[in-house]
Amino acid sequence: MGNLCWVYLVLPFCFGLVLNTLSQENSDSDVYIVTLKQAPLSHSYQGFNNGSTSVRLNKLYKPRNDSRSHQRSSSYISRVHDSLLKKALKGEKYMKLYSYHYLINGFSVLITPQQADMLSRRQEVANVVLDFPVRTATTYTPQFLGLPKGVWPQDGGYETAGEGIVIGFIDTGIDPTHSSFADDVSDHTYPIPDHFSGICEVTRDFPSGSCNRKLVGARHFAASAITRGVFNSSQDYASPLDGDGHGTHTASVAAGNHGIPVMVAGHYFGNASGMAPRSHIAVYKALYKSFGGFAADVVAAIDQAAQDGVDIISLSITPNRRPPGIATFFNPIDMALLSAVKSGIFVVQAAGNTGPSPKSMSSFSPWIFTVGAASHDRVYSNSIILGNNVTIPGVGLASGTCSNEMYTLISAVHALSNETTLANDMYVGECQDPSNFDRELIQGNLLICSYSIRFVLGLSTVKQALQTAKNLSAAGVVFCMDPFVIGFQLNPTPLNMPGIIIPSTNDSKILLQYYNSSLERDGFTKKIVRFGAVASISGGLEANYSVSAPKVMYYSARGPDPEDGFLDNADIMKPNLVAPGNSIWAAWSTLGMESVEFQGESFAMMSGTSMAAPHIAGLAALIKQKFPHFSPAAIASALSTTASLYDKNGSPIMAQHAYTNPDLNQSPATPFDMGNGFVNASSALNPGLIFESTYEDYMSFLCGINGSIPIVLNYTGQNCQLHNSTVTAADLNLPSITIARLNRSQTVGRSLTNIAGNETYRVDWTAPFGVSMNVTPAHFFIAMGEKQVLNITFNAMTNDSTASFGRIGLVGNGGHNLNIPLSVIVKLY
């Protein structure tokens, strides 16, 4: 372990030295991911039922925990990779970054395009792919999801919720000093699961003792980034330490400790808890603040997580671009994740923050559980009451001014010191430097500052403006939105003094019109002689729970799932469902730089599908704890079929469809907005029936894609002649049905397995517009452990290329209700 630590410590220097030599002589060098035809280690253990609900003891617990055997095997495979490179490149310069051996057999290497071509011609080589970039895409959500009363008690309460399950996070690392990741918060025994064999890197930034029984493993992967010269060791850290904040946040959403006080800017916002507070955390850092990440590093992280024995992989990351080629599914990350699913690992990925446009999905494959972002019903808001009795809403996690007292409003541009002019500093209105202002004029009054695009870019900060206001003894701060900031949505921002940010440009105009109309000027000099506008600020520290929720957020990526670079539609429903992702309180790295306003804080409020995905990772841990024999497909089915279609008021869930004024541009959510619906944690632990899919099913689907036979062979080493290549995506046994092109008529089947007691079900359905349909049988009895096949026939009734939606409902007399969304896009009559 000591040697491993030193290897990581010296990587930045070693790679820097070699890269200089390479870049001088081969300026067109780049990183390529090379896969070989020989099967990886994970495919060599066949004593299990691939992807089925049978116990994965032979495969996952015994072989994956035999670390000495794996070390010998991986060392041998690494030597094979080295030998191949020497033979193929015949003395030319190159640099191998990683040997992948567990999920895929291959390596990443820095070479020229000519050398890549030489490698691709080798008989042992299956595939050569250019590396590509990737990017990153709570106190109350456990209550909103019903965990304290409906879910945690089923397994002994929060003190045992998720125990024995290891969640692996491919993210920006973790802050190991955070109380959310301590292992001494309970008197209950807390052993590290026997099936996990990961290690904890030790570096200067991540010293010995950083890991514990909660944080059971931590590594970092940056070889591809270092070879490119984009790695900044002063802020990215060559260790598992989180210099961004994103990874700490996502890990605590899924598995942070229960009952951790949230203190931000000196204010208390309740106690935080992860979804599965007793699950164990393993961190595989492959993303970084200054540049994001690269596929070669991410694949290495996935490969290591699977070998270590994680039960769940959570990825709050997406590719920067849609994968090229005949299908989006054929890319190194998705294919590595397919092998992870074959090994029994449930994989969760964020849908991406590229909504609300159709086909904006950034997570493609049917073996990956894709999560979109929805709101919950806790909101923070404050307001400013003007002297003309107009009240303007805003955001600001701040206290208010003294009650029943009005304060004079003074704009920063009207309170300049004698030495400051707008000509000298056009950004002076952003209140970044107290020396620019007249303290006597501002003292005891409300200072108006401009919130411009520079705040969005991080060139100006709210924290600095607040410090300016404090230095000038202002009574509070009012931020007005610059009219050029269009479509930018603000999270509630912590303010350590009375203040408000007015996010609406129209509302900001109203305040400024009142302010300007109240100014008194000298008739001759035009100088201001009196500031007549007054106002008071109401506090924004108390949460409001009266809003309708959930609703699909405007930024959440939407379906249909793009099958290829030509944006053809796949017969796959994406996203799978939506979960809380907006305004989520969770742990934050004290070194975190992603959000300037939360720098130095131990908690932060963030929004995005990145926050939604770990909610599902944590809930999956609870399902895995209750049903340890469940396959990844069974967990996905339990979450999907039990999802809710209605908000807390019983109305259909709405979806926002615009960046600007999103609440004024919304409509009932479709399956392309929310998949099966909004996650229902309590029902997911009692699904009744499940849809099972196996690795063999996914292979048959891939083999059925036109032109895929050589690509499948390249990625998996398996011949499509061994699989049923007539299977289409619509035939996969998923808990949803999508038909991208309905040519007259099509029948698909779905097989259900009963994991509950004997039950009789009624089948109801609503056909998509322009389609008639029939489901047989319409009623059925199913005994515990038995299977039932449903045959669903769709008939086009019109010629139409507009997507339409329907649903199948299964209603059991034992209280189980399942929801299967339907979508038909092109209809040919």
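Some observations on this one:
- Protection proxy ranking, highest mean first, for peptides 364-376, 624-636: 364-376, 624-636, where packing is the per-residue count of other beta-carbon atoms within 10 Å, averaged.
- Whole-number accessible area per residue in Å² for the range 585-662, which is evaluated in the context of all protein chains at 1.4 Å: 27 Å²
- Calculated accessible area for the range 229-343 comes out at 18 Å² per residue, all protein chains present (probe 1.4 Å; ligands, DNA, RNA ignored).
- A dipole drawn for the range 182-268 from +1 and -1 charges on Cβ atoms has a positive end, and of 192, 248, 266 the residue lying farthest that way is 248.
- Along its principal axes, the range 304-430 has C-alpha extents of 68, 39, 34 angstrom, given from the largest down.
- For the range 532-541, Karplus couplings with θ = phi - 60° (6.51, -1.76, 1.60), whole Hz, Gly/Pro x: x, 6, 10, 6, 9, 10, 8, x, x, 8
- Note on the range 397-471: Kirkwood radius taken over Cα pairs, Stokes-Einstein applied at 20 °C and 1.002 mPa s, translational D equal to 165 µm² s⁻¹.
- Under-5 Å amide H pairs with residue 199, H placed in peptide plane, nonlocal only: 218
- The tail of the calculated P(r) for the range 237-300, taken as Cα-Cα distances beyond 16 Å, holds 57 percent of the pairs.
- Each residue of the range 458-501 gets 85 Å³ once the volume of the Cα convex hull is shared out per residue.
- Ordering of 83-94, 28-39 by packing [mean C-beta count within 10 Å, highest first]: 28-39, 83-94
- Cα gyration tensor shape of the range 649-713, rounded if a/c is under 1.5, else prolate or oblate by comparing a/b with b/c: oblate
- Judged by the gyration tensor of its Cα atoms, with axes a ≥ b ≥ c, the range 299-377 is oblate; a/c meets the 1.5 cut and b/c is at least as large as a/b.
- Solvent-accessible area, 1.4 Å probe, carbon plus sulfur percent, for the chain: 51 percent
- Residues residue 154 and residue 546, FRET efficiency given R0 of 30 Å [Cβ-Cβ distance, rounded to 0.05]: 0.50
- Note that the range 615-659 shows a convex hull volume over its alpha carbon atoms of 118 Å³ per residue.
- Once the Cβ-Cβ distance of residue 39 and residue 786 is raised to the sixth power relative to R0 = 30 Å, the FRET efficiency obtained is 0.30.
- 222 nm mean residue ellipticity, helices alone, for the chain (DSSP H n ≥ 4; -39,500 (n - 2.57); rounded to 500): -6500 deg cm²/dmol
- Amide H contacts under 5 Å for residue 95, placed H, 5+ residues apart: 110
- Whole-percent pair-distance distribution, where bins are 10 Å wide, for the alpha carbons of the chain: 3, 13, 22, 23, 19, 12, 6, 2, 0, 0
- Projected area averaged over orientations for the range 746-814, convex hull of C-alpha atoms, nm²: 4.7 nm²
- Rounded if a/c under 1.5, otherwise prolate or oblate - the range 665-821, Cα gyration tensor axes: oblate
- Ellipsoid equivalent to the range 590-642 - semi-axes via the Cα gyration tensor, in Å: 33, 12, 7
- Each residue of the range 265-280 is assigned a 3J(HN,Hα), and the resulting list reads 6, x, 10, 9, 10, x, 10, 9, 7, x, 5, 10, x, 10, 5, 9 Hz, derived from the Karplus form 6.51 cos²θ - 1.76 cosθ + 1.60 (θ = phi - 60°), x at Gly and Pro.
- Distant-in-sequence amide contacts of residue 294, defined by a placed amide H-H separation under 5 Å and a gap of 5 or more residues or a different chain, comprise 134.
- Packing, as the average of other Cβ atoms within 10 Å across residues, places the peptides 574-585, 798-809 in the order 574-585, 798-809, highest first.
- Each residue of the range 95-100 was assigned a 3J(HN,Hα) from its phi angle through the Karplus expression (A = 6.51, B = -1.76, C = 1.60, θ = phi - 60°), giving 9, 7, 9, 9, 9, 8 Hz with x at Gly and Pro.
- Lys/Arg +1, Asp/Glu -1 at C-beta; the chain dipole; positive extreme among 669, 305, 105: 105
- Ranking 211, 460, 566 by how far each Cα lies toward the positive end of the dipole of the chain (charges on Cβ) leaves 566 at the top.
- Whole-number Å³ per residue for the convex hull built on Cα positions in the range 452-551: 155 Å³
The values are calculated or read from the model by the stated rules, or taken from the named source; none is laboratory data. Keep in mind that what you see is a predicted model, and the values were worked out from it rather than measured. Note that each Cβ is placed from the backbone with ideal geometry, even for glycine, and that neighbours are counted across all protein chains shown. These area figures cover heavy atoms from the full protein model, side chains too; ligands, DNA and RNA do not enter into them. Shrake-Rupley method; radii C 1.70, N 1.55, O 1.52, S 1.80 Å.
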